[in-house]
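This report concerns only the one structure given below.
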Amino acid sequence: MGSYLNSVIKEFEYYKELGNRTFNQIEDADIDWKFNPESNSISVIVKHIAGNIHSRWTNFLTEDGEKSWRNRDDEFVESYTDKHDMIQHWEKAWSVLFEVLNSLDQNDLEKLVYIRNEGHTVTEAINRQLAHYTFHLGQIVLIGKMIRGNKWETLSIPRGQSNNFNREYFSRKKGRRHFTDEL
């Protein structure tokens, strides 16, 4: 598999893991918490991401990414019974995405796929979805941080620890690796 496909799979895995690590810090009651009535909850964002993944990645190379069976408006209505139910849907959706990505090869990258009748190369479609999901995963993490407050366990370099972190990384021999390799 080519460098781009390996890299993008690692990126999707990394951002999915940020969602997982956020879910590990919240309780059942937290999944529907909203900052205000116009905000989306974690459960709604998860439902939207899962709906988008199922639509975009089902028959990825052969059908438009916006499926006729998708009910996007329903994705913005809370309906999970608990965190376990939400996570089951989350995992099922991501398995669809990773199955497709792992089936692709370099020869597929310039093929044309459609999203709402707009043509994209496979590379462009992948990049579009990576950007879309990371946008929403940032929202999930922020909501998790708002819920947990000072009990939040950071998902990256802790505040005030950047110099120590950089000192450790710059003490290592230079080499080809991906920033997610140690996660």
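The values are calculated or read from the model by the stated rules, or taken from the named source; none is laboratory data. Small disclaimer: the values here were computed from a predicted structure and weren't measured. Note that each Cβ is placed from the backbone with ideal geometry, even for glycine, and that neighbours are counted across all protein chains shown. Ligands, DNA and RNA are excluded from the accessible area calculation, which covers all protein heavy atoms including side chains. Shrake-Rupley method; radii C 1.70, N 1.55, O 1.52, S 1.80 Å.
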- Query: Only one of 157, 115, 143, 147 is hydrophobic (A, V, I, L, M, F, W, C), touching an Asp or Glu at 6+ places or on another chain (Cβ under 9 Å) and without any contact (Cβ under 8 Å) to a residue 60 or more places away in the chain; which?
  - Reply: 115
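Report, by residue number, each residue of region 138-183 that is touching a helix residue (DSSP H, G or I) at 6+ places or on another chain (Cβ under 7 Å) and part of a loop (DSSP other than H, G, I, E, B).
Taking region 138-183 as the starting set, the residues that turn out to be touching a helix residue (DSSP H, G or I) at 6+ places or on another chain (Cβ under 7 Å) are 139-141, 143-144, 147, 152, 155, 157, 178, 180, 183.
Scanning region 138-183 gives 152, 155, 157, 178, 180, 183.
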- Query: From 100, 46, which residue is over 12 Å from the mean Cα position of the chain (by Cα), part of a helix (DSSP H, G or I) and at pLDDT 95 or above?
  - Reply: 100
- Task: State the number of residues belonging to region 102-133 that are surrounded by 15 or more Cβ atoms within 10 Å (Cβ to Cβ) and among the acidic types (Asp, Glu).
- Result: 2
- Message: If a residue must be in a helix (DSSP H, G or I), crowded, with 16+ Cβ neighbours inside 10 Å and not small (Gly, Ala, Ser), how many such residues does region 61-95 contain?
- Response: 7
- Message: So, residue 96, is that one farther than 20 Å from residue 13 by Cβ and hydrophobic (A, V, I, L, M, F, W, C) or not?
- Response: no
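Quick check on this structure: which one of 31, 26 is of a type in the set (Val, Ile, Thr), open to solvent by less than 70 Å² (accessible area, probe 1.4 Å) and in a helix (DSSP H, G or I)?
31
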- Say we look at region 1-23 and pick out the residues that are charged (D, E, K, R) and within 19 Å of residue 123 (Cβ to Cβ); which of these is farthest from the chain's Cα centre (by Cα)? 10
- For region 159-169, state whether one or more residues are closer than 29 Å to residue 86 by Cβ, open to solvent by 60 Å² or more (accessible area, probe 1.4 Å), modelled with pLDDT of 85 or more and small (Gly, Ala, Ser). no
- Query: Exactly one of (1) surrounded by 13 or more Cβ atoms within 10 Å (Cβ to Cβ); (2) at pLDDT 95 or above; (3) closer than 25 Å to residue 7 by Cβ is unmet by residue 155. Its number?
  - Reply: (2)
